[in-house]
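Engineer: Just passing along the structure, written as structure tokens.
The values are calculated or read from the model by the stated rules, or taken from the named source; none is laboratory data. Being a predicted model, the structure only gives us computed values, none of them experimental. When we count neighbours, we look across all protein chains shown, and the Cβ atoms used for this are built from the backbone with ideal geometry, even at glycine.
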Amino acid sequence: MLVQSYANPGACSGACWSHDPAVIQRTSDGVYFRFSTGGGIEITKATSISGPWTILGKALPSGSKINLAGKTDLWAPDVKKVGNLYHMYYSVSQFGSQNSAIGVATSPTMEAGSWTDYGSVGVASSSSKPYNAIDANLIDVSGTYYLTFGSFWHDIYQVKMAANALTKGDNAAYNIAYNSTGTSAQEGGYIFYNGGYYYLLISSGICCGYDTSFPAAGAEYQIVMCRSITATGGFVSFAL
């Protein structure tokens, strides 16, 4: 018999609340940095994963160079080290809109005041596109970079990036995960490698409005895991 339960949450102290958090450890000294949706992307740091977390300020206090609605209220940061720089990918959009773009900023330290915004990576969407350009996630596959993104509008896509990971390469985005029923979101894709497989995590289901009603059984917001022997496709979901 399979018994499912939830572990007690881990300890956290200091500024613990976060929306769409991205956590990364600085290689030079082991300090943890956390980046959160909202405004110009809030930065917090701590010497331990459990805190105490201290708010440093905003990565992009003036907002993004991308001239779209939502450029001062940035979403869904993803931070990876590329060479000697930390790259922060972020989304410019508004709730329910397909008029969106993915931007990138870099920093040598991740501290507040150290970020340089490059604007769009060349991935944008509108009503003419099959996807929505939000929720970016970068993965390094033996020195080749791929950016996974998407939400609703045909769900999860991926594009190969240029060698510096600041812009997309000369190639089209392709669909790597799709819920054909089209009745709920698949979004927030995240890929990691372990033990011979690339694992794709997706947030799936009805995310919002729980203060007024609940979704039907099975349509609740949940995390789906898929895996493939390559980072670029052939993902198959499986039971945990």
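Engineer: Return a yes/no flag: does region 50-65 have any residue that is under 17 Å from L138 (Cβ atoms), of a type in the set (S, T, Y) and not in a loop (DSSP other than H, G, I, E, B). Please lay out each step first, then the result.
Structural biologist: Taking region 50-65 as the starting set, the residues that turn out to be under 17 Å from L138 (Cβ atoms) are 59.
With of a type in the set (S, T, Y) added as a condition, the list becomes none.
Among the residues of region 50-65, not one is under 17 Å from L138 (Cβ atoms), of a type in the set (S, T, Y) and not in a loop (DSSP other than H, G, I, E, B), which makes the answer no.
Engineer: Starting from residues that are loosely packed, with under 14 Cβ neighbours inside 10 Å and among the β-branched types (V, I, T), keep the ones in region 43-71 and report whichever is nearest to the chain's Cα centre (by Cα).
Structural biologist: I49
Engineer: While we're here: Regarding region 90-107, can at least one residue be identified that is over 19 Å from Y145 (Cα atoms), in contact with a strand residue (DSSP E or B) (Cβ under 8 Å, 6 or more places away or on another chain), of a type in the set (S, T, Y) and modelled with pLDDT of 95 or more?
Structural biologist: yes
Engineer: Ok, one more. Out of everything in region 91-113 that is out of contact with any Asp or Glu (no Cβ under 8 Å at 6 or more places or on another chain) and within 12 Å of I43 (Cβ to Cβ), what residue ends up being surrounded by the most Cβ atoms within 10 Å (Cβ to Cβ)?
Structural biologist: M110
Engineer: Across region 168-191, which residue is modelled with the lowest pLDDT among those that are of a type in the set (A, V, I, L, M, F, W, C) and out of contact with any Leu (no Cβ under 8 Å at 6 or more places or on another chain)?
Structural biologist: Within region 168-191, the first condition is being of a type in the set (A, V, I, L, M, F, W, C), and the residues that meet it are 172-173, 176-177, 185, 191.
Filter once more, keeping what is out of contact with any Leu (no Cβ under 8 Å at 6 or more places or on another chain): 172-173, 185.
Details: A172: 92, A173: 95, A185: 79.
The residue in question is A185.
Engineer: Within region 198-229, can you find the residues that are closer than 30 Å to D140 by Cβ and either surrounded by fewer than 16 Cβ atoms within 10 Å (Cβ to Cβ) or among the hydrophobic types (A, V, I, L, M, F, W, C) (or both)? Talk me through it step by step, then tell me what you get.
Structural biologist: Looking only at region 198-229, we keep the residues that are closer than 30 Å to D140 by Cβ, and these are 198-205, 207, 221-229.
Of everything in region 198-229, those that are closer than 30 Å to D140 by Cβ and either surrounded by fewer than 16 Cβ atoms within 10 Å (Cβ to Cβ) or among the hydrophobic types (A, V, I, L, M, F, W, C) (or both) turn out to be L200, L201, I202, C207, Y221, Q222, I223, V224, M225, C226, I229.
Engineer: Residue by residue through region 1-39, note down the ones that are hydroxyl-bearing (S, T, Y), farther than 23 Å from G189 by Cα and at pLDDT below 95.
Structural biologist: Step one: list which residues in region 1-39 are hydroxyl-bearing (S, T, Y), which gives 5-6, 13, 18, 27-28, 32, 36-37.
After this cut, where a residue has to be farther than 23 Å from G189 by Cα as well, the list is 5, 13, 27-28.
Hit for region 1-39 is S5, nothing else.
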